[in-house]
Amino acid sequence: MESGFHMLLYRAFHAQRSCLRPWRAALGLGPGQPKLIEYLARSGPCSQRQLATYFEIDPAAVCRMLDALEKGGFVTRSAVKGDRRTGMVELTEKGRSAAAAWQHACGEMEQQLLQGFTPEEAERFAQYLRRARENLRAVQSHRQKEDVP
């Protein structure tokens, strides 16, 4: 039996990713791209920097993912009037369709993930995951302030 939350979380994440991989491939999306189109579908047009900040990833990585999404016809990018350095990202119709299909796939995966859980257990599980993330973010923030790895 697995011990250690880090291994349990890793294995759950890996199982989730493996379950969703065929859906992602069928939609023509690469790794990391579904979360971007899902965010854009939920939040509307935004800047590349907003995406990087929200997902806590390197802006250059976001740029590479957006390059591929734009090439695939899922998003368009345009400059903000008066600020050529800030680009806005928006879903195309193809992107909106892919986002809806991805949300459907995630809904099916979540049903399987939570099979046998009561609604109360599922809500507590979500709360535990949120708290765990907040705890890790607080440690990370403290380390950054202290300039410690």
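Computed values, structure above
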| quantity | calculated |
| --- | --- |
| Cα pair count fraction exceeding 21 Å, expressed as % - the chain | 57 |
| GNM result for the chain, Cα springs below 10 Å: residue of GLY116, GLY87, GLY44 fluctuating most strongly | GLY116 |
| Å² of accessible area per residue within region 1-114, as computed with a 1.4 Å probe and no ligands counted | 65 |
| Helical segments meeting 20 Å axial Cα length and Kyte-Doolittle 0.5 threshold in the chain (DSSP H) | none |
| Cα pair distances in region 1-84, grouped into 5 Å bins until the bin that holds the longest one, percent each | 3, 12, 20, 20, 18, 12, 7, 4, 3, 1, 0, 0 |
| Charge dipole (the chain, unit charges on Cβ, about Cα centre) - positive-most of GLY30, PHE5, ALA101 | GLY30 |
| Ranking by accessible area, most exposed first, for LYS94, LYS35, LYS145, LYS71 with a 1.4 Å probe | LYS71, LYS145, LYS94, LYS35 |
| GNM top mover of LEU27, LEU36, LEU114 - the chain, alpha-carbon springs below 10 Å | LEU114 |
| Cα centroid of region 26-85 to Cα centroid of region 97-149, whole Å | 21 |
| Point-charge dipole on Cβ atoms (K/R +1, D/E -1) for region 84-149, about Cα centre, debye to 20 | 460 |
| Normalised contact order of region 1-128, rounded percent, pairs of Cα under 8 Å and 6 or more residues apart | 26 |
| Filtered chymotrypsin sites (Phe, Trp or Tyr not before Pro), region 15-118: DSSP coil and at most 14 other beta carbons within 10 Å | PHE117 |
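The values are calculated or read from the model by the stated rules, or taken from the named source; none is laboratory data. Because the structure is a prediction, the values reported are computed rather than measured. FYI the Cβ positions are ideal-geometry reconstructions off the backbone, even for glycines, and counts take in every protein chain you see. Ligands, DNA and RNA are excluded from the accessible area calculation, which covers all protein heavy atoms including side chains. Shrake-Rupley method; radii C 1.70, N 1.55, O 1.52, S 1.80 Å.
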